[in-house]
Amino acid sequence: PKDHPLRPIRQLVDTALLALEEDFDALYAEAGRDSIPPEKLLRAQLLMVFYTIRSERQLMEQLDYNLLFRWFVGFSIEDPVWHHSTFTKNRDRLLEGDIARQFFAQVLAQADQAHLLSKEHFSVDGTVLEAWASHKSYRPKDDETPPKGGGRNPSVDFRGQKRKRDTHESKTDPDAFMYRKSSGVAAKLSYLGHILMENRHGLVVNAQVTQATGTAEREAAIDMVSALKGTHRVTLGADKNYDTQDCVEDLRLANVTPHVAQNTTNRSSAIDERTTRHGGYATS
C-alpha cells in the first residue's frame, strides 16, 4: 500500500546502506561476495525486529510467501529464499565486522540532520535479556560430565545446592549469569540490555548489552552518556536503581545532571537539593 509504514523505513534504510558500501566490500574477498548480500541481510533482520519473528527459520518461512517481506528485503516473486543456516552464518560474519553498529550510526545521523534529536536531555534504562540456556546447563565449573538419564532432556535436581557465579557457570553459554530484576521473581540465565534515549522524540541514541551484574545498569549508563558529543552539560533521567552515591558522583564528573528518582526505601538518597530544587527535576 502507498501509505504502508515500511515504505519510508525502506528509504531511510537504503540511504544508510549506501553510505556503508565501502564497508560491505571490505568484508569480502576479491573473488566475490558471499551468497547473501549484506544489504538484504540487514533488511531481513529489521523485519525480525519489527514483526517479532523469533528465529531465522521462521523468517525464511515468511520470506518464502510474504510479498511485503520480499519487497522490503529486495527479492522478486520468483527468487529462492536462503536456507536458515546460511543466513545465520552470514549474519554472524556481518556482526563480527561491526556493520550493525555502523548501520545504527548512519540511521542516527539521518535523525540528527532532520533536527529530531535533543542535545541536552536524555533518559536511560535497562532490561533483562533471557539467555538461550537452561537452568540444567548451570553446573559447577569443574563438572564436565553431562547429567545422566532422561534422554536428550535429562532431569536435574538442584534442591539444596548453592549455585554462585564464582563456582558455577552455564555449560552452553558461560557468559550468561543467573539474575533476577526484582525480589519475588525467579532468577534466570540472563544478560542486560541498556538503552540511552533522547527526550525530544524518544529516539534511541546508544545501546549496549552487558553481563547481568548488580552494577551493570549504572556502569553502562555512565559509559553511554560519557560518549555523547559536545562539552555542554546534559540531564539524564533514570529510575531509582541508579540512585547510588558512586553513580551520581560519576555522572556529575561527566558533566551530567542526574535527574534520578530518589530511593529512600532503605537508605538516604544520593540526590540532594542541588538537583531537587530545580523545577526541571520534578518535570522529568
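The orientation-averaged shadow of the Cα convex hull for region 6-107, equal to a quarter of the hull surface, comes to 6.3 nm².
Pick out which of PRO140, PRO80, PRO258 has the largest mean-square fluctuation in a Gaussian network model of the chain, springs linking Cα atoms closer than 10 Å. In the Gaussian network model the winner is PRO80. Only DSSP H runs of four or more residues enter the estimate; each adds -39500 (n - 2.57), and after division by the residues of the chain the mean residue ellipticity at 222 nm equals -11000 deg cm²/dmol.
Each of LEU6, LEU18, LEU189 has some number of other Cβ atoms within 10 Å of its Cβ, and from fewest to most they run LEU18, LEU6, LEU189. For the chain, the relative contact order is 14 percent, taking Cα pairs closer than 8 Å that sit 6 or more residues apart in sequence and dividing their mean separation by the residue count. Residues GLU78, GLU56, arranged from fewest to most other Cβ atoms within 10 angstrom of their Cβ, appear as GLU78, GLU56. Over 27 Å between Cα atoms, which of LYS89/LYS171; LYS141/LYS188; LYS141/LYS181; LYS2/LYS40; LYS171/LYS240 qualify? In this structure, LYS171/LYS240 lie more than 27 Å apart at Cα. What you get for the chain, charging only the Cβ of Lys and Arg (+1) and of Asp and Glu (-1), is a dipole of about 1100 debye around the Cα centre. For the residues SER55, SER137, SER170, a GNM of the chain with alpha-carbon springs under 10 Å puts the largest fluctuation on SER55. How many angstrom separate the Cα center of region 159-200 from the Cα center of region 56-108? If you average the Cα positions of each part, the centres end up 30 Å apart. When region 6-107 is described by a simple charge dipole with +1 on each Lys and Arg Cβ and -1 on each Asp and Glu Cβ, the residue from GLN106, ILE9, SER85 located farthest towards its positive end is ILE9. Considering only Cα atoms, the convex hull volume of the chain works out to 207 Å³ per residue. Positive end of the dipole of the chain (Cβ unit charges, origin at the Cα centre): among ALA26, SER76, ALA133, the Cα lying farthest that way belongs to ALA133.
Every number here is computed from the coordinates shown, using simple stated rules; none is lab data. Values in this document were obtained by computation on a predicted structure and should not be read as measured data. In this analysis, Cβ positions are derived from the backbone assuming ideal geometry, glycine residues included, and neighbour counts consider all displayed protein chains.
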